[in-house]
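Notes follow the structure.
The values are calculated or read from the model by the stated rules, or taken from the named source; none is laboratory data. Keep in mind it's a predicted model, so treat the numbers as computed, not measured. Quick reminder, even Gly has a Cβ in these numbers, built from the backbone with ideal geometry, and neighbours come from all protein chains shown. Side chains included, ligands, DNA and RNA excluded: accessible areas come from the protein's heavy atoms. Shrake-Rupley method; radii C 1.70, N 1.55, O 1.52, S 1.80 Å.
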Amino acid sequence: MTLESPRVVVFGELMLRLNPHGNERIVQASEFEVRYTGAEANVAALLAGLGVEVFAVSKVPGHEVGDACVNYLRRFGIKTDYIARGGERLGILYLETGASQRASSVIYDRGQTSIRDVRSSDFDWRTILEGADWFHFSGTTPALGEPVRATLRDALRVANERGIRVSCDLNYRAKLWSTHEANEVMTELMTYVDVLIGNEEDAAKVFGIVADGSDVTAGELPAAAYQRVATELSRRFGVGRVATTLRRSISASVNHWAGMLYDDQGHHLSRSYEISPVVDRVGAGDAFAGGLIYAILRGYDSQSSVEFATAASCLKHSIPGDFGLVSLGEIEALVGGDASGRVRR
């Protein structure tokens with residue numbers, strides 16, 4: 001079914017991103033670039049740029065840093081009507097962008113953040129989800145503790161009652177929780193999920209479903225192995241669609257990128273892109289998720305959906321910051337085979 005004016009709601013933590021200029025190391029930096037981010041907000045940014053009405057739901061401090069974060073989202077077309085205010089602080093993500101054989105690295109400062117202090121009274125999910133067609137969250141959200149999980153469960157119950165489609169990006173982060181805790185919590189939440197998204201490691205870390213023969217360090221990503229993983233995820237949890245990104249890292253500067261989608265029509269593998277140089281890979285998986293949500297809402301067939309999502313996320317690698325600030329025309333041109341990068345006049 002094609003929706004001409006879809007409405008999407010995302011829920012998750014909003015954060016301040018600080019990174020040195022270019023490929024500088026944190027230890028040598030004399031100043032940092034300021035941006036705002038969050039796994040779900042990154043998805044929202046891609047969708048907003050494609051003309052979708054998308055609401056970010058979160059909680060940020062009531063002071064000026066919270067104001068700056070909310071204003072940043074509004075700048076890119078994300079609606080902020082349901083962002084609660086309160087708590088002590090906004091979480092911080094420090095990013096050092098690698099190059100060549102030096103990997104990028106992330107340092108989190110997420111203790112005592114506003115969203116960890118959420119209460120049931122902060123969000124009226126029946127109002128927030130009124131008229132919504134889609135609800136999205138990622139594994140980084142329930143990793144933030146039981147109050148956040150309880151709030152997320154409330155949202156999922158309302159979405160389930162109203163027949164709203166739900167997507168989840170597993171987004172496992174070892175710095176936030178253990179594999180045991182992630183498995184326990186995410187297994188429960190899968191009851192509500194219609195579209196499950198992950199990367200080449202998430203299913204193994206969260207659910208113990210391993211792609212035999214894969215070695216992400218060596219760049220070995222056999223498609224058949226990930227097809228078996230997707231089939232097992234769908235069988236185990238009854239999820240209608242399972243999608244994964246496939247990244248082969250030659251170095252921090254050169255990546256091969258593809259995507260795969262499994263549904264009742266079978267397995268659908270996208271074309272593969274060589275991305276060189278990688279400007280900023282952070283947020284690429286979120287751009288993939290946003291592209292997939294857009295394609296499904298617009299009624300694309302399965303192969304077209306994964307091609308669109310992969311192209312959107314490929315382009316994200318060329319953009320500093322976490323947001324996939326790409327247009328529909330740019331994505332469609334890449335899907336159509338124009339990867340020349342020639343100046344458009």
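Flag: Y192 matches the condition of being surrounded by fewer than 21 Cβ atoms within 10 Å (Cβ to Cβ), modelled with pLDDT of 95 or more and among the aromatic types (F, W, Y).
Return the pair list, or none, for Cβ contacts closer than 7 Å from residues in segment 113-133 that are more than 14 Å from G145 (Cβ to Cβ) to residues that are assigned to a helix (DSSP H, G or I) and open to solvent by 40 Å² or more (accessible area, probe 1.4 Å), at least 6 apart or on different chains. Matching pairs, first to second residue: S120/D154; W125/D154. Selection of segment 235-280 for residues being in a strand (DSSP E or B), over 19 Å from V335 (Cα atoms), charged (D, E, K, R) and open to solvent by less than 60 Å² (accessible area, probe 1.4 Å) yields only D263.
Evaluating A203 against the criteria (1) under 23 Å from S305 (Cβ atoms); (2) of a type in the set (G, A, S); (3) open to solvent by 20 Å² or more (accessible area, probe 1.4 Å) leaves one unmet condition, (3).
Are there any pairs with C-beta distances below 8 angstrom linking a residue in segment 334-345 that is under 17 Å from T310 (Cα atoms) and small (G, A, S) to a residue that is open to solvent by less than 100 Å² (accessible area, probe 1.4 Å) and outside any loop (DSSP other than H, G, I, E, B), with the two at least 6 apart or on different chains, and if so which? That search, which allows pairs on different chains as well, returns A339/Y273.
Here G290, G329 are screened, and the one residue that is within 21 Å of S5 (Cα to Cα) and either more than 17 Å from the chain's Cα centre (by Cα) or at pLDDT below 95 (or both) is G329.
The set of residues from segment 298-341 being open to solvent by less than 50 Å² (accessible area, probe 1.4 Å), touching a Gly at 6+ places or on another chain (Cβ under 8 Å) and among the hydrophobic types (A, V, I, L, M, F, W, C) comprises V306, F308, A309, A311, A312, L315, F323, V326, I331.
When the criteria are applied in full, A339 fails the requirement of being modelled with pLDDT of 95 or more and outside any strand (DSSP E or B).
Only one of the numbered conditions (1) modelled with pLDDT of 95 or more; (2) within 22 Å of I319 (Cβ to Cβ); (3) open to solvent by less than 40 Å² (accessible area, probe 1.4 Å) is violated by R75, and that is (3). Surrounded by 14 or more Cβ atoms within 10 Å (Cβ to Cβ) and under 24 Å from E130 (Cβ atoms), is that true of L50? Criteria met by L50.
Among helices (runs of 4 or more DSSP H) entirely within segment 125-234, having at least 2 residues that are hydroxyl-bearing (S, T, Y) singles out 179-189. Contact annotation: residue pairs with Cβ atoms under 6 Å, 6 or more positions apart or on different chains, pairing a residue in segment 81-109 that is at pLDDT below 95 with a partner that is part of a strand (DSSP E or B) and acidic (D, E), are S105/E96. Residues that are among the polar types (S, T, N, Q) and touching a residue at least 40 places away in the same chain (Cβ under 8 Å) within segment 273-302 comprise just one, S302. The set of residues in segment 126-150 being over 19 Å from A289 (Cβ atoms) and open to solvent by 10 Å² or more (accessible area, probe 1.4 Å) consists of R126, T127, E130, G131, G145, E146, P147, R149, A150.
Taken together, the residues in segment 32-43 that are under 9 Å from the mean Cα position of the chain (by Cα) and either more than 16 Å from G77 (Cβ to Cβ) or among the aliphatic types (A, V, I, L, M) (or both) amount to 3.
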